[in-house]
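Trainee: Have a look at the structure that comes next, please.
Please treat every number below as a calculation from the coordinates, not as lab data. Remember, it's a predicted structure, so these values are computed and weren't measured experimentally. Please note: Cβ atoms are built from the backbone with ideal geometry, for glycine as well, and neighbour counts cover all protein chains shown.
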Amino acid sequence: MLSRFIYVIETNAIDRYMTSACLIDTFPLCRIFPFNTVDSAIHSLQHASEYPSLILVDQYMPDKDGWDFLEEYISLDTYVLDKCKVVMLSSTSNPFDAVRAKKYECVVDFIKKPVTDSFVANHVKAHLN
């Protein structure tokens, strides 16, 4: 696998760590960039010279949540949108949230947390290839 990188946007430090650790275990050549706010991730995308292959974003966060991220993300330059795929993570199993997420072209998957090694092997790997 080529050297790629993944953004993990999650306010909960334990979930952010666990997701990052699972990604590192499965993709040792990938660089993982954890963010604890939507604003910091959007700022990074606006000023990046290269873009992540994949963005994992938590649906529910205080202040700005995953839905706010998607709204700000889709307003970025189309060049950025063409480079990055988004996977939304959720701690709920509300089927309407999955339907809502799929209305965004950039969202390639909607996954229930917690993120595990099998999740990474079954879902994330498919979106990186």
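Trainee: Can you tally the lysine pairs in the chain where the Cα-Cα distance is under 16 Å and the two residues are eight or more apart, or on different chains?
Mentor: 4
Trainee: Right, something else. Filter the GluC sites (Glu not before Pro) in segment 21-129 down to the DSSP loop ones having no more than 14 other Cβ atoms within 10 Å, then list what survives.
Mentor: Answer in residue order: Glu50, Glu105.
Trainee: Right, something else. Just check the chain against the gyration tensor rule for me: Cα atoms, a ≥ b ≥ c as the square roots of the eigenvalues, rounded for a/c under 1.5, and otherwise prolate or oblate depending on whether a/b exceeds b/c.
Mentor: Rounded shape, in that the Cα axes give a/c under 1.5.
Trainee: Still on this model: Please compute the modelled spin-label separation between Ser118 and Asp39, points set 7 Å along Cα→Cβ, answer in nm with one decimal.
Mentor: For Asp39 paired with Ser118, the spin-label model returns 4.0 nm.
Trainee: Separate question: Quick one: putting +1 on the C-beta of Lys and Arg, -1 on the C-beta of Asp and Glu, what dipole do you get for the chain around its Cα centre, in Debye to the nearest 20?
Mentor: Charge dipole of the chain: 380 debye, to the nearest 20.
Trainee: Same structure, new question: Name the long-range amide H neighbours of Lys85: under 5 Å, sequence gap of 5 or more, or other chain; modelled H, no Pro or chain starts.
Mentor: Amide H to amide H, under 5 Å and 5 or more residues apart or across chains, Lys85 pairs with Leu54, Ile55.
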